1. Do you know which of the residues in region 100-123 that are modelled with pLDDT of 90 or more and more than 14 Å from Asp41 (Cβ to Cβ) is nearest to the chain's Cα centre (by Cα)?
2. Would it be correct to say that Ala110 is assigned to a helix (DSSP H, G or I), surrounded by 13 or more Cβ atoms within 10 Å (Cβ to Cβ), in contact with a Lys or Arg (Cβ under 6 Å, 6 or more places away or on another chain) and touching a residue at least 24 places away in the same chain (Cβ under 8 Å)?
3. Hey, among Gly26, Gly88, Gly54, which residue is open to solvent by less than 20 Å² (accessible area, probe 1.4 Å), in contact with a Pro (Cβ under 9 Å, 6 or more places away or on another chain) and at pLDDT below 95?
4. One residue is enough: does region 28-36 have a residue meeting the conditions of a type outside the set (S, T, N, Q), under 19 Å from Asn2 (Cα atoms) and in contact with a Gly (Cβ under 8 Å, 6 or more places away or on another chain)?
5. Residues in region 73-81: is at least one within 20 Å of Ser112 (Cβ to Cβ), in contact with an Asp or Glu (Cβ under 7 Å, 6 or more places away or on another chain) and in contact (Cβ under 8 Å) with a residue 24 or more places away in the chain?
6. Please indicate, with yes or no, whether at least one residue in region 33-50 is under 18 Å from Pro97 (Cα atoms) and in contact with a Pro (Cβ under 8 Å, 6 or more places away or on another chain).
7. Listed residues Leu32, Leu59, Leu42; which is open to solvent by 30 Å² or more (accessible area, probe 1.4 Å) and in contact (Cβ under 8 Å) with a residue 60 or more places away in the chain?
Amino acid sequence: NNEIVRNFTVEALQELGCKVFSAESGEKALALIKERKITPDLMITDLIMPEINGKELTLKLKKISPSTRVIITSGYPDKHILNIEELGKGVHFLSKPYSIQSLVNKINEALSSLSNLENNKSS
């Protein structure tokens, strides 16, 4: 169940000290970001969702918050169903099911790519 996975991930991230905003759909996530004027460091989304899928959500998010890093998760074993490169820099893929440790590793990878981009801008 998507709600169980979302709640598990939110609780795990909060225990790690992250400030987390959660939404049950891509459209609600975009509305939350716009209404609260949030510039998230990272968004974690599923590839397959109702309303808009993770790819569409990522493209819309990048228009309003280009620096936000994205982790797209999917239960489909082959990440080639998604051409991650066409979504631009800072988009990462994580296969489901995932452990807390693999999620943390992917978050670190995604956020370190943000620091590397910022460091390259200042040189």
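The values are calculated or read from the model by the stated rules, or taken from the named source; none is laboratory data. A quick note: this is a predicted structure, and the numbers were derived from the prediction, not measured. Positions of Cβ are generated from backbone atoms using ideal geometry, with glycine treated the same way; all protein chains shown enter the neighbour counts. Ligands, DNA and RNA are excluded from the accessible area calculation, which covers all protein heavy atoms including side chains. Shrake-Rupley method; radii C 1.70, N 1.55, O 1.52, S 1.80 Å.
1. Per the criteria, the residue is Leu103.
2. Working: assigned to a helix (DSSP H, G or I): yes; surrounded by 13 or more Cβ atoms within 10 Å (Cβ to Cβ): yes; in contact with a Lys or Arg (Cβ under 6 Å, 6 or more places away or on another chain): yes; touching a residue at least 24 places away in the same chain (Cβ under 8 Å): yes.
Against the criterion (assigned to a helix (DSSP H, G or I), surrounded by 13 or more Cβ atoms within 10 Å (Cβ to Cβ), in contact with a Lys or Arg (Cβ under 6 Å, 6 or more places away or on another chain) and touching a residue at least 24 places away in the same chain (Cβ under 8 Å)), Ala110 qualifies.
3. Numbers: Gly88 fails: open to solvent by less than 20 Å² (accessible area, probe 1.4 Å); Gly54 fails: in contact with a Pro (Cβ under 9 Å, 6 or more places away or on another chain).
Result: Gly26 is the single residue among Gly26, Gly88, Gly54 that is open to solvent by less than 20 Å² (accessible area, probe 1.4 Å), in contact with a Pro (Cβ under 9 Å, 6 or more places away or on another chain) and at pLDDT below 95.
4. No; the residues of region 28-36 include none that is of a type outside the set (S, T, N, Q), under 19 Å from Asn2 (Cα atoms) and in contact with a Gly (Cβ under 8 Å, 6 or more places away or on another chain).
5. Initially, region 73-81 is screened for residues within 20 Å of Ser112 (Cβ to Cβ), giving 73, 79.
Retained after the next criterion (residues that are in contact with an Asp or Glu (Cβ under 7 Å, 6 or more places away or on another chain)): 73.
After this cut, where a residue has to be in contact (Cβ under 8 Å) with a residue 24 or more places away in the chain as well, the list is 73.
Yes, because at least one residue in region 73-81 is within 20 Å of Ser112 (Cβ to Cβ), in contact with an Asp or Glu (Cβ under 7 Å, 6 or more places away or on another chain) and in contact (Cβ under 8 Å) with a residue 24 or more places away in the chain.
6. no
7. Details: Leu32 fails: in contact (Cβ under 8 Å) with a residue 60 or more places away in the chain; Leu59 fails: in contact (Cβ under 8 Å) with a residue 60 or more places away in the chain.
Answer to the selection: Leu42.
Conditions tested, residue by residue: (1) in contact with a Ser or Thr (Cβ under 8 Å, 6 or more places away or on another chain); (2) over 22 Å from Asn105 (Cα atoms).
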site: Phe8; (1), (2): no, no
site: Leu13; (1), (2): no, no
site: Cys18; (1), (2): no, no
site: Gly26; (1), (2): yes, yes
site: Leu30; (1), (2): no, yes
site: Ile33; (1), (2): yes, yes
site: Pro40; (1), (2): yes, no
site: Glu56; (1), (2): no, yes
site: Leu59; (1), (2): no, yes
